[in-house]
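K.L.:
Next up is a structure, given as structure tokens.
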């Protein structure tokens, strides 16, 4: 692909990539730098795009993974893999309902206080409205793993909300 055609892709997707980076890093300067790095990485790896998914999904996957790697390197935090835990019946729906009832003016603080991987999962689901299938493509996980990580991220978001705002349930 020549630079002009890649420029068209940059023009089409750079704002969306920037929004994803901002959602994960909460830092304008870092997000601008990451967008540049992500498009450079996409350009270099364009031959690896196999057209099994949409270009936007492939680019989103690069964005998600690059931002998460950046956050992990800078924060040196380890995330736990809880996808094999057993769920009690109805837990997923209960977490979903409770999370959706959280006051919107407090969501930013809750998201800022969360692990980057959990924040990214919640942003994919609620802000970007990605389907489970698209999340599977982006994350490279099975359907059950995506659902489990989504449910655990909602659970941890609610716990963080209650920790930050104890005076109100």
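The values are calculated or read from the model by the stated rules, or taken from the named source; none is laboratory data. Everything numeric in this text was worked out from a predicted model, so none of it was measured. So basically every Cβ, Gly included, is an ideal-geometry build from the backbone, and we count neighbours across all protein chains shown.
K.L.:
Quick check on the range 18-27: of everything there that is in a helix (DSSP H, G or I) and in contact with a helix residue (DSSP H, G or I) (Cβ under 7 Å, 6 or more places away or on another chain), which residue is modelled with the highest pLDDT? Steps first, answer last, please.
P.N.:
Of the range 18-27, the ones in a helix (DSSP H, G or I) are 18-25.
Next, only the ones that are in contact with a helix residue (DSSP H, G or I) (Cβ under 7 Å, 6 or more places away or on another chain) stay: 18, 20-25.
Numbers: 18: 95, 20: 90, 21: 92, 22: 90, 23: 86, 24: 86, 25: 86.
By that ranking, first place goes to 18.
K.L.:
Scan the range 147-169 and tell me whether some residue there is more than 13 Å from the chain's Cα centre (by Cα) and within 17 Å of residue 59 (Cα to Cα).
P.N.:
No - not one qualifying residue is present in the range 147-169.
K.L.:
If you don't mind, there's one more thing I want to ask. Could you please let me know if residue 71 is more than 17 Å from residue 128 (Cα to Cα), touching a helix residue (DSSP H, G or I) at 6+ places or on another chain (Cβ under 8 Å), modelled with pLDDT under 85 and part of a loop (DSSP other than H, G, I, E, B)?
P.N.:
The answer is no for residue 71.
K.L.:
Assuming residue 155 fulfils every condition listed in (1) assigned to a loop (DSSP other than H, G, I, E, B); (2) at pLDDT 85 or above apart from one, which condition is it?
P.N.:
(1)
K.L.:
Going by what's in this entry, would residue 131 be described as more than 17 Å from residue 67 (Cα to Cα) and either in contact with a strand residue (DSSP E or B) (Cβ under 7 Å, 6 or more places away or on another chain) or at pLDDT 85 or above (or both)?
P.N.:
Yes, satisfied.
K.L.:
Taking only pairs six or more apart or across chains, which ones have beta-carbon atoms under 6 Å, a first residue in the range 19-35 that is in the same structural domain as residue 127 (by TED's automatic domain parsing) and surrounded by fewer than 18 Cβ atoms within 10 Å (Cβ to Cβ), and a second residue that is assigned to a helix (DSSP H, G or I) and at pLDDT 90 or above?
P.N.:
Final answer for the pair search is none.
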